[in-house]
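Visitor: One structure, pasted below without further comment.
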Amino acid sequence: MNVGRTRINRRALTGTQTSHDLWVLPLVGDGKPFPIVQTSFDDTGAAVAPNGKWMAHQNNESGHMEIYITSFPGGGAKWQVSTNGGISARRRRDGRELFFLDSANNMMAVDVDTSEGAVRLGVPHALFSAAGVRRVSGPYDATADGKKFSSIVET
């Protein structure tokens, strides 16, 4: 995922206490990669806010994947977005809404307000059933206004 002048990759380091982590590879400057989220759990699926200050990602420390928001590129504190599982976070272009798939195959949406430097979340709500949407490797995308979605459907 390119974000301005950085690239986010997930990385699993052999011989460490971490699992899949999220790293930044700066595309300018010294180009030295550094971790954003590095835990003993799987951290994948980064979606950076349009302002470049926040990142949504999925993590399985609860026993199943959930969506979280953390600062970007610093990491640190995190806020749980999903309440019934979550994968494949996508942002509306203005950054005020986050979409994800829950464990019941619903396309979920939640309002996100980061205007004062802190994360304030609305209540996640289902938009529609996404049964049949491919759940791996980028299964869908949303238009800039969040009114339409495109997907690869498994048949």
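Visitor: Counting only residues 5 or more places away or on other chains, whose amide H sits under 5 Å from the amide H of Ala46 once H atoms are built in the peptide plane?
Guide: Those lying under 5 Å, H to H, from Ala46: there are none.
Visitor: Considering only the other residues whose Cβ falls under 12 Å of the Cβ of Trp54, what net charge follows from Lys and Arg at +1 and Asp and Glu at -1?
Guide: Details: positive: Lys53, Lys78, Arg91, Arg96, Arg120; negative: Asp113.
Once all neighbours under 12 Å are counted, the net charge is +4.
Visitor: Got a sec to turn the phi values of region 107-122 into Karplus ³J(HN,Hα) couplings, 6.51 cos²θ - 1.76 cosθ + 1.60 with θ = phi - 60°, whole Hz, x for Gly and Pro?
Guide: Whole-Hz 3J(HN,Hα) from phi for region 107-122: 7, 9, 9, 9, 6, 10, 10, 10, 5, 10, x, 10, 9, 10, 10, x.
A short reminder: the numbers here are calculations on the coordinates, not readings from a lab. Worth saying up front: this structure is predicted, and the values here are computed from it rather than measured. Neighbour counts are summed over all protein chains in view; Cβ atoms, including those assigned to glycine, are modelled from backbone coordinates with ideal geometry.
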